[in-house]
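K.L.:
Mind looking over this structure? Questions follow.
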Amino acid sequence: MSERTSREWGDRLPPGQILTEKWPVLHAGTVPHVDLDTWDFRIFGLVEEERVLTWPEFLALPKYEYTSDIHCVTTWSRFDNHWEGVSFRDVMNLFRVRPEAKYVLVHAEQGYTTNLPLEDLLQDGVMFAYRHDGRDLTPEHGWPLRLVVPHLYFWKSAKWVRGIEFLAEDRPGFWEQYGYHLYGDPWQEQRYRDDPEWLGAGRTTDDYYRTIRSRVRRAMQERGTTTDR
Ligand SMILES: Nc1nc2c(c(=O)[nH]1)N[C@H]1C(S)=C(S)[C@@H](COP(=O)(O)O)O[C@H]1N2
Ligand SMILES: [Mo]
């Protein structure tokens with residue numbers, strides 16, 4: 001009995017989601033090889049001065065722990081994930097953003113990006129995590145560091161994160177460029193782009209999802225990488 005539907009879970013499970021106890025691995029591309037000696041975390045864009053943190057500098061930041069639920073756009077959800085890491089707010093205390101900074105593009109290994117409003121990143125539970133349920137993250141789940149944004153679909157929670165770029169305007173990230181929603185609220189089922197230019201990418205959710213996946217596959221082939229998804 002590892003999967004249950006939203007009926008039984010009432011308000012805690014967003015519409016269209018199915019609960020799982022397993023933790024699926026999902027990403028475009030391959031699991032990157034990361035060397036902590038050369039790893040860095042870059043803070044750039046609309047900031048008063050750019051910052052680059054090394055791994056020891058990042059680990060020295062105040063430790064933050066938070067338990068939250070995962071909601072993946074591919075319809076699985078996983079409850080009660082205990083994360084350990086550094087809160088986004090504590091990273092923000094290291095520098096000053098310019099007043100016009102309203103959005104953040106999160107950068108990860110191999111060119112993966114995802115976009116979020118700055119306001120959302122300042123909420124409780126938003127963090128850069130290095131541990132999950134009492135263990136170090138495994139490479140396939142984002143070791144050494146991943147973003148966790150509990151209130152949005154999980155594609156916003158970039159694995160293998162390497163930096164944050166502050167922007168005045170929203171700029172679509174990786175999955176968003178191929179058709180996932182710019183914001184991605186699971187409670188409103190914001191799975192796919194709904195701006196006018198995107199309507200017609202698929203009649204049903206399944207069509208739309210297939211279209212996105214084939215676009216991603218094609219793009220990855222052009223970049224010379226394969227995808228596990
Ligand atoms: N760097 C990177 N992070 C990523 C992705 C990716 O392709 N690359 N995929 C996202 C998607 S679509 C999902 S559902 C979650 C999956 O995280 P998991 O494999 O730990 O379950 O990672 C997100 N973070
Ligand atoms: Mo996903």
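K.L.:
As an exercise, use a Förster radius of 35 Å and the Cβ-Cβ distance of Glu49 and Asp170 to find the FRET efficiency, rounded to the nearest 0.05. Can you show the working numbers first?
P.N.:
Working: r = 24 Å, r/R0 = 0.68.
Once rounded, the FRET efficiency stands at 0.90.
K.L.:
Within the range 34-75, which residues have the backbone N less than 12 Å from the label spot 7 Å out from Asn93 along Cα→beta-carbon, could you tell me?
P.N.:
61-64
K.L.:
For a protection proxy built on the mean count of beta-carbon atoms within 10 angstrom, sort 165-171, 175-181 highest first, please. Present the calculation step by step, with values, prior to reporting the outcome.
P.N.:
Details: 165-171: 15.1, 175-181: 20.7.
By packing density, highest mean first, the sequence is 175-181, 165-171.
K.L.:
At a 10 angstrom cut-off on C-beta neighbours, averaged per residue, how do the peptides 184-193, 38-47 rank from highest to lowest?
P.N.:
On the way: 184-193: 18.0, 38-47: 15.9.
Descending packing order for the listed peptides: 184-193, 38-47.
K.L.:
Grab the Cα-Cα distance for Asp136 and His82, subtract it from 0.36 nm times how many residues apart they are, and report the gain in nm with one decimal. Write down the numbers at each step before the final one.
P.N.:
On the way: separation 54, 0.36 × 54 = 19.44 nm, distance 1.15 nm.
Separation in residues times 0.36 nm, less the Cα-Cα distance, equals 18.3 nm.
K.L.:
Grab the DSSP H runs of the chain that are 4 residues or longer, score each as -39,500 (n - 2.57), total them, divide by all residues and round the 222 nm result to the nearest 500 deg cm²/dmol.
P.N.:
Result for the chain: -4500 deg cm²/dmol, rounded to the nearest 500.
Read the figures in this text as sums done on the coordinates, not as results from a lab. These numbers were taken from a predicted model, which means no experiment stands behind them. Backbone-built Cβ (ideal geometry, glycine too); neighbour counts: all protein chains shown.
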